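The values are calculated or read from the model by the stated rules, or taken from the named source; none is laboratory data. Everything numeric in this text was worked out from a predicted model, so none of it was measured. Reconstructed Cβ throughout: ideal geometry from the backbone, glycine too, with neighbour counts over all protein chains shown. What goes into the accessible areas is simple: the full protein's heavy atoms, side chains included, and nothing from ligands, DNA or RNA. Shrake-Rupley method; radii C 1.70, N 1.55, O 1.52, S 1.80 Å.
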Amino acid sequence: MPLRADTAPATADVRRFTPLQRWIHRTTAALMGICIITAACLYVPQLAELVGRRALVVTLHQWSGLALPVPVLAGLASRAFRADLGRLNRFGPHDRTWLRAALHRDKRHASRPAAKFNAGQKLYASWIAGATLVMLATGLIMWFTHLTPLLWRTSATFVHDWLALTIGIVLAGHIGMALADPESRRGMRTGRVSREWADREHPLWRQ
């Protein structure tokens, strides 16, 4: 008679994200997408002529920008989400090792140790969070023009425009890396990833 295994097989899936975490990611991505598309329609003349209805585009851009922090703030009610924020906010010796390997284009898995999130994901999360707050602050200055002096509004417009372009480039890189890793996309889509992928890409993660 075959013995009954007490542990899960090595090929079993492991849980990576909860439904609420996936909702936060999707909602934030949708709001960010609306911000970028409407910004392009406001600044690219060809798109502005094609879409028209500038007042509506401006309204969509303003309110989607104001709503960007809402999914994250709502997610603070989740213990799992708060735990992941803590993981993203902590850098350890293994993260420095990962970054050195990335800078030297060393793609060996043994050279890139990572816990639940690798150093690249941590840097991206920190940067995009800070950039979003700057965009929100400068956008409010541009929106409520009567509350600030002209110099502030001019500076805010300069920062807002150029940071928006930078965010678009960084997001394109983020999407490109996601497209190159189907298992990572499955983790965000279904909440689960294969144990083999987790052990290979995130060997320090204790599921």
- request: Evaluate Rg over Rh across segment 24-74, taking Cα atoms for both radii and Kirkwood's formula for Rh.
  value: 1.05
query: With axes computed from alpha carbons, what is the tilt in degrees of helix 93-103 against the longest principal axis of the chain, rounded to the nearest 10 within 0 to 90?
result: 70
query: Which order, highest average first, do 167-175, 102-110 follow once you tally other Cβ atoms within 10 Å for each residue and take the mean per peptide?
result: 167-175, 102-110
query: Listed highest first by mean packing, meaning other Cβ atoms within 10 Å per residue, what order do 113-121, 17-25, 176-184 come in?
result: 113-121, 17-25, 176-184
- request: Express the carbon and sulfur contribution to the solvent-accessible surface of segment 1-139 as a percent, rounded to the nearest whole number, probe 1.4 angstrom.
  value: 66
task: Based on alpha-carbon positions alone, could you give the equivalent ellipsoid semi-axes of the chain from the gyration tensor, as √(5λ), descending, whole Å?
output: 39, 19, 17
task: Summarise the accessible area of segment 141-202 (1.4 Å probe, protein heavy atoms) by the percent that is carbon and sulfur.
output: 70
statement: Helix 54-67: inclination vs the chain longest Cα principal axis, degrees, rounded to 10, gives 40
- request: Determine, for each peptide in 142-152, 50-60, the mean count of other beta carbons within 10 angstrom over its residues, then list the peptides with the highest first.
  value: 50-60, 142-152
task: Working from Cα positions, state the angle (0 to 90°, nearest 10) between the long axis of helix 119-143 and the longest principal axis of the chain.
output: 20
query: Using the heavy atoms of the protein chains alone and a 1.4 angstrom probe, what is the accessible area of segment 13-201 per residue in square angstrom?
result: 62
